[in-house]
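Have a look at the structure below, then the notes.
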Amino acid sequence: ELVSCVGWTTADELYSCSDDHQIMKWNPLTSETTQVVKLPDDIYPIDLHWFPRSVGGKKQSHAESFVLTSSDGRFHLISKLGRVEKSVEAHCGAVLAGRWNYEGTALVTVGEDGQVKIWSKSGMLRSTLAQQGSPVYSVAWGPDSEKVLYTSGKQLIIKPLQPNAKVLQWKAHDGLILKTDWNSVNDLILSAGEDCKYKVWDSFGRALYSCQPQEYPITCIAWAVDGELFAVGSFNTLRLCDKTGWSYALEKPNTGSIFNISWSTDGTQLAGACGNGHVIFAHIVEQRWEWKNFEVTLIKRRTMKVHNVINDAVDSLEFRDRVIKASLDYGYLVVSTSLQCYVFCTKNWNTPLIFDLKEGTVSLILQAERHFLLVDGGGLYLYSYEGRLISSPKYPGMRTDTLNAQTVSLSNDTLAVKDKTDEKVIYIFEALSGKPLGDGKPLTHKTEIVEIALDQKGLTSERKIAFIDKNRDLYITSVKRFGKEQKIVKIGTMVQSLAWNDTSNILCGIQDSRFTVWYYPNTVYVDKDLLPKTLYEKDASEFSKNPQIVCFVGNQVTIRRADGSLVHLNVSPYPGILHDYVRGSRWEDAVRLCRFVKDQTLWACLAAMAVANKDMATAEIAYAAIGEIDKVQYINSIKDLPSKESRMAHMLLFSGNTQEAETLLLQTGLVYQAIQVNINLYNWDRALDLAVKHKTHVDTVLAYRQKFLEDFGKKETNKRFLQYAEGV
């Protein structure tokens, strides 16, 4: 008989249920199959879902029980050994789907009677979430277990558990929707319908991808756990797709319709329940990683092929267990298998460094120049390339299973994490100690943040983080905060994707329909008006809609288009060279480079870099080259100031940091200059405050104020000024 549902307990054990009333257990490694139990003849299983493996942060080694829904309107809680612990009357007509939430505290069931019901862990009815006139074929929990997504004919509906909260509903297909799935890592929704299409949506119901109509209705669809891939099943068809929708592979097995797909916990294989009574197993192979002149391909489950494209040398890497995750960057290949982690240096493929992993399956590997980060269900672990555990940062309410490359960022000295519990907050850690940076308070933004990225080079004290919020605005801010509130500055709008360069602090992004490179993002803290002059922009319509930046290595940017093809773009090498000169304080070489290239953008970058590093002579040359004469004059006037402190203060003023300039002048006892600065900026009250506090130059302030009022033909109305005017 047809197989209706499948589910993995561990990475190597699968249970399947069929209309022949049997529950079978499969082990794909040893190819063993055993019957667990034969159900009573009146139970025709429809859906099964294992109790979640990690509950409240505590990992169980494997799932111990599952829920099985059946056509007689009941659901059954069944133990791993096949004992039916409890059967509950749930719906009139068949129970079409049942799903545990991520914490294992609640179960949702949907049925032919059009009802959506929430049950407790032990099978007691908590509430009826929704009732409608047509059957509900599929259901999924939201990432935070606060919302439920279910189907209603051609519509998708997201309903929060809170009463009176806003319900989101939209028409998703032209035919009946048969299956839906919602991923907890990338927050994206899949739907499959009788109109022979599958679609990808974001959690606001915006369409991100819709496929061409296929030959047959799409009978099932499922996300891989980490949200990078999804699988689509149809009549004699199994397809593997990227999260953005394009297709990696298409298989045409002889299976009949595939009714249910389940991914194994480590995301390396999947199983399908087939209409002709078969269970199909599939493994993900041929993943590819590229870095400079190396291409690494996973050719079998335990074998990688390394291809050096310069000299055509090929190396083969063998592993003891199957490969789960890998990453290639900064001259190292890091591979995690189910039990070990291997670190290969690209200079020598023969002697990897191998160390054992604690427990859970690695879900993410991130690399920086000096170390790399492993993320598994239990926590964050930072290792050196010698295999030494450096630190393991923690923050309150940490859920590492929902992190991906967009929400974690690593540099040589800093680690940044955006958590799911509060989307407006970024936790920032010192990499070497694993402690929160500075005063320990996380970075907070006014709206939800979508993607974060740390710059890779330069001094720790100048480390910057760029992030995109949900309005698609791009912001940049400094990671270190010295007590004062650091400005978060907006530097771009409608930004789809971003990446920092690996060798210098250059940022690239795709905003609206333009590919933009910020050659020196720090400009916003030095001379904000100069920022537009330090950008490079190029029309990005050739990348079609929704392109993603894969990496920015050297002066080459790799972009993946919506159809899955890779496009390589080259940006000018000169800004990178300029960054190197400035890092080594080689100002004369920097000026020489700009004179050679004769490019306004480069001169503008140099001007900002010179001011940031307080090199006035270079700044003067650079500002003159871009025709900013007023700034050249101001820099000249600074050079003639008598003391070093007042020069510093006027530099701060130049960058718009009035508060710091005033503090610096007062600290060095230059009270009159501090007062004069405030007078020049028309900060009358502050000028008077300082004069009165230091008992000096009150008359000067009043005289300037009087002249100011006379120039504008106004009368004095400020009480304090009137009061002091009588006393002088």
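For the stretch 108-126, state whether one or more residues are among the hydroxyl-bearing types (Ser, Thr, Tyr), touching a residue at least 24 places away in the same chain (Cβ under 8 Å) and open to solvent by 10 Å² or more (accessible area, probe 1.4 Å).
Residues of the stretch 108-126 that are among the hydroxyl-bearing types (Ser, Thr, Tyr), as a first pass: 109, 120, 122.
Among the residues that remain, those that are also touching a residue at least 24 places away in the same chain (Cβ under 8 Å) are: 109, 122.
Then keep just the ones that are open to solvent by 10 Å² or more (accessible area, probe 1.4 Å); that gives 122.
Looking for residues that are among the hydroxyl-bearing types (Ser, Thr, Tyr), touching a residue at least 24 places away in the same chain (Cβ under 8 Å) and open to solvent by 10 Å² or more (accessible area, probe 1.4 Å), one finds at least one in the stretch 108-126, hence yes.
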Inset, instruction - Spot the failing condition for LEU366; the list is (1) open to solvent by 20 Å² or more (accessible area, probe 1.4 Å); (2) closer than 23 Å to LYS480 by Cβ; (3) more than 19 Å from the chain's Cα centre (by Cα); (4) not small (Gly, Ala, Ser), and only one is missed. - result: (3)
Inset, instruction - State yes or no: is GLN673 surrounded by fewer than 15 Cβ atoms within 10 Å (Cβ to Cβ), part of a helix (DSSP H, G or I) and of a type outside the set (Phe, Trp, Tyr)? - result: no
Inset, instruction - Residue by residue through the stretch 105-127, note down the ones that are among the hydroxyl-bearing types (Ser, Thr, Tyr) and part of a loop (DSSP other than H, G, I, E, B). - result: THR105, SER122
Inset, instruction - Those residues that are within 19 Å of LEU48 (Cα to Cα) and open to solvent by 20 Å² or more (accessible area, probe 1.4 Å), I need them from the stretch 264-298; list them, please. - result: THR265, GLY267, GLY275, ASN276, GLY277, HIS278, VAL279, ILE280, PHE281
Inset, instruction - May I ask you to list the residues in the stretch 553-569 that are out of contact with any Leu (no Cβ under 6 Å at 6 or more places or on another chain) and closer than 16 Å to ARG514 by Cβ? - result: ILE559, ARG561, VAL567, LEU569
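Quick check, is GLU89 modelled with pLDDT of 95 or more and surrounded by fewer than 17 Cβ atoms within 10 Å (Cβ to Cβ)?
Values: modelled with pLDDT of 95 or more: yes; surrounded by fewer than 17 Cβ atoms within 10 Å (Cβ to Cβ): yes.
Yes: the conditions hold for GLU89.
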Inset, instruction - Scan (1) open to solvent by less than 50 Å² (accessible area, probe 1.4 Å); (2) among the hydroxyl-bearing types (Ser, Thr, Tyr); (3) in a loop (DSSP other than H, G, I, E, B) for the single condition THR717 breaks and write down its number. - result: (1)
Inset, instruction - Identify all residues within the stretch 128-147 that are part of a strand (DSSP E or B) and without any contact (Cβ under 8 Å) to a residue 24 or more places away in the chain; write none if there are none. - result: THR128, GLN131, LYS147
Legend entry - Cβ-Cβ under 7 Å pairs, at least 6 apart or on other chains, the stretch 79-90 side farther than 13 Å from SER122 by Cβ, far side hydrophobic (A, V, I, L, M, F, W, C): GLY82/ILE23; GLY82/VAL36; GLY82/VAL37; VAL84/ILE78; ALA90/PHE75
Inset, instruction - Identify all residues within the stretch 558-572 that are assigned to a strand (DSSP E or B), within 19 Å of the chain's Cα centre (by Cα) and not hydroxyl-bearing (Ser, Thr, Tyr); write none if there are none. - result: ILE559, ARG560
Legend entry - SER384 being touching a residue at least 24 places away in the same chain (Cβ under 8 Å) and either within 26 Å of ALA224 (Cβ to Cβ) or open to solvent by less than 70 Å² (accessible area, probe 1.4 Å) (or both): no
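Residue-wise test of (1) more than 24 Å from THR601 (Cβ to Cβ); (2) among the charged types (D, E, K, R); (3) open to solvent by less than 10 Å² (accessible area, probe 1.4 Å).
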| residue | (1), (2), (3) |
| --- | --- |
| PRO442 | yes, no, no |
| LEU454 | yes, no, yes |
| LYS464 | no, yes, no |
| ILE468 | no, no, yes |
| ILE491 | no, no, no |
| MET494 | no, no, no |
Legend entry - Near pairs, Cβ below 9 angstrom, 6+ apart or cross-chain, from the stretch 336-358 (among the basic types (Lys, Arg)) to any residue that is assigned to a strand (DSSP E or B) and open to solvent by 60 Å² or more (accessible area, probe 1.4 Å): none
Inset, instruction - Specify the residue that is surrounded by the fewest Cβ atoms within 10 Å (Cβ to Cβ); the eligible residues are those in the stretch 310-353 that are under 25 Å from ASP376 (Cα atoms) and among the acidic types (Asp, Glu). - result: GLU318
Legend entry - Unmet criterion (only one of (1) touching a residue at least 24 places away in the same chain (Cβ under 8 Å); (2) in the same structural domain as TYR525 (by the TED database); (3) surrounded by 17 or more Cβ atoms within 10 Å (Cβ to Cβ)) for ALA617: (3)
Legend entry - Filtered residues of the stretch 515-542 (kept if over 30 Å from SER565 (Cβ atoms) and not in a helix (DSSP H, G or I)): TYR520, ASN522, ASP527
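Considering each of GLU645, GLU662, GLU726 in turn, give the residue that is within 47 Å of the chain's Cα centre (by Cα), surrounded by fewer than 19 Cβ atoms within 10 Å (Cβ to Cβ) and assigned to a helix (DSSP H, G or I).
Details: GLU662 fails: surrounded by fewer than 19 Cβ atoms within 10 Å (Cβ to Cβ); GLU726 fails: within 47 Å of the chain's Cα centre (by Cα).
The match here is GLU645.
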Inset, instruction - State whether one or more residues within the stretch 207-226 are modelled with pLDDT under 95, closer than 25 Å to LYS470 by Cβ and out of contact with any strand residue (DSSP E or B) (no Cβ under 8 Å at 6 or more places or on another chain). - result: no
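Residues checked against (1) in the same structural domain as GLU628 (by the TED database); (2) touching a residue at least 40 places away in the same chain (Cβ under 8 Å); (3) of a type in the set (A, V, I, L, M):
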position: ARG472; (1), (2), (3): no, no, no
position: VAL489; (1), (2), (3): no, no, yes
position: ALA499; (1), (2), (3): no, yes, yes
position: ASN505; (1), (2), (3): no, yes, no
position: TRP518; (1), (2), (3): yes, no, no
position: VAL557; (1), (2), (3): yes, yes, yes
position: LEU566; (1), (2), (3): yes, no, yes
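The values are calculated or read from the model by the stated rules, or taken from the named source; none is laboratory data. What you see is a predicted model; the values in this text were computed from it and never measured. Quick reminder, even Gly has a Cβ in these numbers, built from the backbone with ideal geometry, and neighbours come from all protein chains shown. Surface accessibility is based on the protein's heavy atoms, side chains included, excluding ligands, DNA and RNA. Shrake-Rupley method; radii C 1.70, N 1.55, O 1.52, S 1.80 Å.
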